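The values are calculated or read from the model by the stated rules, or taken from the named source; none is laboratory data. The shown structure was predicted, so the numbers you read here are calculated from the model rather than taken from an experiment. We place every Cβ from the backbone using ideal geometry, glycine too, and count neighbours over all the protein chains shown. These accessible areas exclude ligands, DNA and RNA; they are computed on the full protein's heavy atoms, side chains included. Shrake-Rupley method; radii C 1.70, N 1.55, O 1.52, S 1.80 Å.
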Amino acid sequence: MGETFYPIALLLVFVAVYAASEAIYLWWHATRSPEKQRMEKRLRMISAGGTVGSGEMSVLKRRLTSNGPALDRLIGLLPRLSRIDRFLVQSGAEWSLPNYLLYTASFASVGFFGSLLSGQPTAVAAMIAVAAGMVPTLYLAHRRGQRLKRFESLLPEALDLIGRSLRAGHALPSALQMAGTEMPDPVGEEFRQTFDEINFGISAQDALQNLARRVPSTDLGFFVIAVLIQRESGGDLSEILSNISGIIRERLKLFGKVRALSAEGRFSGIVLMLLPFATAALLYLIDPEFMSLLWTDSTGIAFMKGGLLFMVIGAVWMSRIVRIRV
């Protein structure tokens, strides 16, 4: 009996191991494979463009919230879902909408309960929770700004490449494909997406408008408008792109000069913002009892609140002074 059961047990163990391995492989292929990630990225970029039908948008909405039926219903109630997804795409992060909401809720919860455990009042804990919950958004906003700056710095070279391709006899979709292949990201990524949309049947006008929606760049808007006008009225598109590229380069050069000239004002603002805190820390080290009146006495608390309010107003005012749009 035992000798008969032994090979059967080995066979069952082999089948179980094989089934487990196959299940792991299928799970990885369906959720973590490079093909799946590329498909997810393309769907996210298409949804961020905005030119899709209602049926396609429902599919994209299910994709954005495909972490479970309960989460589907919860996130489906959120307004402006496409704007949040577009913000995630513009940042270049691989986060999905549920990931973003989960990170935001996690940071806010840690800030709130951590403040309560440290003995802070509920109102203070709520403010700390709001500030902590904004950390993922601020991180994505920083990434979005850096990605947009890199895109604008690479755009003139991409326009020159498209113009040379057009002069060589290539059609506009082929020129966009060459720019997507030769240029580094994020310019190459965006132009590859535009070529894929045209190749999959979306009109060139809609694909270019999707590109302008995904990338909120004034310089890119010039390119899209020039191409759309040229397709309606005709003309030498390669020469137009060459002129736009030159204008963008001069604009970036002027912007660099403005930043250099306004650097003193920005540095002065930073020093003026940090000076009260540095002075307060130095006085606290010299005489802690004297400085403690600032947050223990009611008059000191009132002065501190007023000072912080005026500091915020001054910081906003100085930032508007040194911000020169080119």
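Taking label positions 7 Å along the Cα-Cβ direction at both Asp185 and Lys305, the computed distance is 4.9 nm, reported to one decimal. Rolling a 1.4 Å sphere over the protein heavy atoms, what is the accessible area per residue of region 146-209, to the nearest Å²? Result: 44 Å² per residue. Of the residues Leu275, Ser242, Thr296, the one whose Cα sits farthest towards the positive end of the charge dipole of region 227-306 is Ser242 (charges of +1 on Lys and Arg Cβ, -1 on Asp and Glu Cβ, taken about the Cα centre).
In the context of the full set of protein chains, residues of region 236-326 present 78 Å² of accessible surface per residue (probe radius 1.4 Å, heavy atoms only). Taking the accessible area of region 180-231, probe 1.4 Å, and keeping the other protein chains in place, the carbon and sulfur fraction comes to 52%.
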